[in-house]
1. If only one of 389, 348 is within 16 Å of ligand 1 (Cβ to nearest atom) and either over 19 Å from the mean Cα position of the chain (by Cα) or in the same structural domain as residue 489 (by TED's automatic domain parsing) (or both), which one is it?
2. Scan the range 228-262 residue by residue and report those that are more than 30 Å from residue 348 (Cβ to Cβ) and within 12 Å of ligand 1 (Cβ to nearest atom).
3. Could you grab me the full set of residues in the range 122-144 that are at pLDDT 95 or above, under 27 Å from the mean Cα position of the chain (by Cα), among the small types (Gly, Ala, Ser) and at negative phi?
4. Of a type in the set (Gly, Ala, Ser), crowded, with 21+ Cβ neighbours inside 10 Å and in a loop (DSSP other than H, G, I, E, B): does that describe residue 446?
5. What are the pairs, 6+ residues apart or on separate chains, where a residue within the range 482-504 that is modelled with pLDDT under 90 has its Cβ under 7 Å from a residue that is exposed (fewer than 15 other Cβ atoms within 10 Å of the Cβ)?
6. Identify, from the list 48, 25, the residue that is surrounded by fewer than 17 Cβ atoms within 10 Å (Cβ to Cβ) and within 10 Å of ligand 1 (Cβ to nearest atom).
7. Determine whether residue 228 is within 16 Å of ligand 2 (Cβ to nearest atom) and in contact with a helix residue (DSSP H, G or I) (Cβ under 7 Å, 6 or more places away or on another chain).
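The values are calculated or read from the model by the stated rules, or taken from the named source; none is laboratory data. A quick note: this is a predicted structure, and the numbers were derived from the prediction, not measured. When we count neighbours, we look across all protein chains shown, and the Cβ atoms used for this are built from the backbone with ideal geometry, even at glycine.
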Amino acid sequence: MAETLPEFAPLAGNERADVCVVGAGMAGLSTAYLLTRAGKSVVVLDDGPIVSGETERTTAHLVNALDDRFFELERLHGHKGARLAAESHTAAIDTIERIVRENGIECDFARVDGYLFNAPDAEPDLLDRELAAAHRAGLIDTLIVDRAPIGSFNTGRALWFPRQAQFHPLKYLAALAKEIVRAGGKIFTGTHAREIAGGKQAHVGTTAGFVVSCDAIVVATNTPVNDRLAIHTKQRPYRTYVIGAAVPAGSVPQVLYWDTEDPYHYVRLQAATPASAGSFSDILIVGGEDHETGQADDAEARYARLEYWTRARFSMIGDIKFRWSGQIMEPVDALAFIGRNPIDHDNVFIATGDSGNGMTHGTIAGLLLTDLILGRENPWAELYNPSRVTLPATTDFLRDTANMAAQYVDWLTAGDIEKDRMVRPGTGAIVRHGLTKITVYRDMDGTFHECSAICPHLGGIVAWNHGEKTWDCPAHGSRFDRLGKVLNGPANKNLHPVESPENK
Ligand SMILES: Cc1cc2nc3c(=O)[nH]c(=O)nc-3n(C[C@H](O)[C@H](O)[C@H](O)COP(=O)(O)OP(=O)(O)OC[C@H]3O[C@@H](n4cnc5c(N)ncnc54)[C@H](O)[C@@H]3O)c2cc1C
Ligand code: FES
């Protein structure tokens with residue numbers, strides 16, 4: 001769908017705007033759009049094309065049936081917090097629907113039902129507890145039904161969530177980008193934000209040396225590249241995997257499905273338009289098999305398990321047409337961090353930690369940050385406050401911190417292999433060089449490319465990801481392409497290049 005996205009030029013001079021938004025994914029473009037509607041002048045910067053981050057990889061379920069369960073949200077945030085979470089995600093879906101309608105956006109937006117069904121080892125009362133908690137959170141139309149509508153598999157009892165939705169995020173965001181520009185906003189791509197400075201002289205400095213001066217900055221880079229540690233101790237990066245299987249047109253109803261396994265499976269249908277009866281023209285999109293970034297390197301096995309799981313339940317699927325993986329930031333207390341960046345000036349804002357609900361969290365970011373920047377009250381501000389301390393999440397916080405600290409043990413271990421020359425063409429490996437470690441990627445013509453394996457964020461040791469051909473940092477989820485160029489924050493710099501003795 002990349003051809004549906006408008007193209008923009010890199011920043012080629014200094015600019016001035018009310019707000020500079022860094023990152024043109026769901027969160028950045030939603031925020032920029034709502035700010036322009038509120039009368040603010042906006043400059044958006046992205047170091048790739050627009051929508052080239054995790055938003056490009058999403059499966060785009062739009063839900064208020066949140067993936068961490070309402071009884072868990074009650075434990076973490078109390079009854080009021082769970083109610084505000086349900087209210088804000090409901091408002092996010094309504095907002096997307098309204099924007100689609102007002103702008104006549106053709107993005108396949110559809111209201112659909114959602115079904116949560118038990119995994120084989122689920123606690124017997126899980127669905128009942130979730131039903132009661134969903135009702136207390138205000139989702140009073142939620143019901144238990146005998147089974148989810150899958151003809152070829154009896155799910156057993158399922159929770160039915162009405163008025164969920166799905167859409168095509170690239171088509172939606174392409175339209176938002178055009179509306180931002182129509183309203184006087186400016187978008188620059190291929191522009192890496194290197195310096196993000198709040199305060200009276202707020203500005204964003206780019207690698208090319210240009211500056212955007214502004215009154216406020218929104219950092220919507222999925223994981224904030226301007227935050228050293230405060231946020232990165234409160235969220236963990238996960239890889240998640242997706243397959244797209246051909247199914248006969250009309251053989252699977254257009255609904256959303258989730259199970260209660262940990263990690264859970266998420267399923268939706270992309271119906272062919274126009275439908276051609278009987279042909280394998282619909283695509284069933286199934287995700288799951290998540291693991292902590294940099295802590296597993298078995299993508300093939302995970303895709304195989306996803307296919308096995310899908311064939312066991314949707315016996316009508318044909319060939320696997322697509323597969324891809326992406327990154328999710330899991331907050332320790334289940335809700336995104338949207339608001340003022342901790343330990344920073346009051347005019348620097350972030351949106352991150354959006355879990356598997358980043359489409360609605362990104363829209364909530366637009367609504368909430370617009371209010372904060374305009375000095376308006378917002379009932380969700382405290383719930384999503386990035387500086388919040390959620391006491392019931394302390395055990396999870398300590399477990400995650402221990403896991404994060406354990407990743408630094410890689411400083412002491414041997415490399416993956418002893419000799420650079422044993423790296424097979426088209427792959428990479430970590431090699432120990434004296435006291436330090438080196439990434440070695442060997443391209444198909446045999447040339448070695450070496451970088452320091454030390455992550456420029458806070459010194460974790462990166463690991464090779466065979467599935468994506470990337471270097472992934474297990475500490476806080478930074479990722480780099482095979483040649484060391486940064487792909488995902490929080491690192492905001494490339495791996496440091498090293499001259500390979502093999503090439504001399
Ligand atoms: C496989 C998968 C399935 C998912 N399914 C769902 C789902 O069904 N429903 C749902 O709600 N959510 C889902 N999510 C989550 C959701 O897709 C993400 O949370 C969301 O897309 C994140 O949007 P974002 O704008 O925060 O980040 P991104 O889309 O990653 O955008 C960040 C942008 O910042 C730019 N950037 C980074 N650093 C810099 C810099 N220094 N200077 C300039 N630009 C920079 C990047 O180029 C990028 O374009 C899924 C995620 C994945 C990976
Ligand atoms: S992401 Fe923090 S050290 Fe690598």
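1. Answer to the selection: 348.
2. 241, 242, 243, 244, 256, 257, 258
3. 133, 134, 137
4. no
5. Qualifying pairs under 7 Å: 502/421; 503/447.
6. From the options 48, 25, the qualifying one is 48.
7. When the stated conditions are applied, residue 228 does not pass them.
Matching residues to (1) in the same structural domain as residue 345 (by TED's automatic domain parsing); (2) more than 16 Å from ligand 2 (Cβ to nearest atom); (3) modelled with pLDDT under 95; (4) not in a loop (DSSP other than H, G, I, E, B):
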{"position": "190", "(1), (2), (3), (4)": "yes, yes, no, no"}
{"position": "208", "(1), (2), (3), (4)": "yes, yes, no, no"}
{"position": "222", "(1), (2), (3), (4)": "yes, no, no, no"}
{"position": "241", "(1), (2), (3), (4)": "no, yes, no, yes"}
{"position": "274", "(1), (2), (3), (4)": "no, yes, yes, no"}
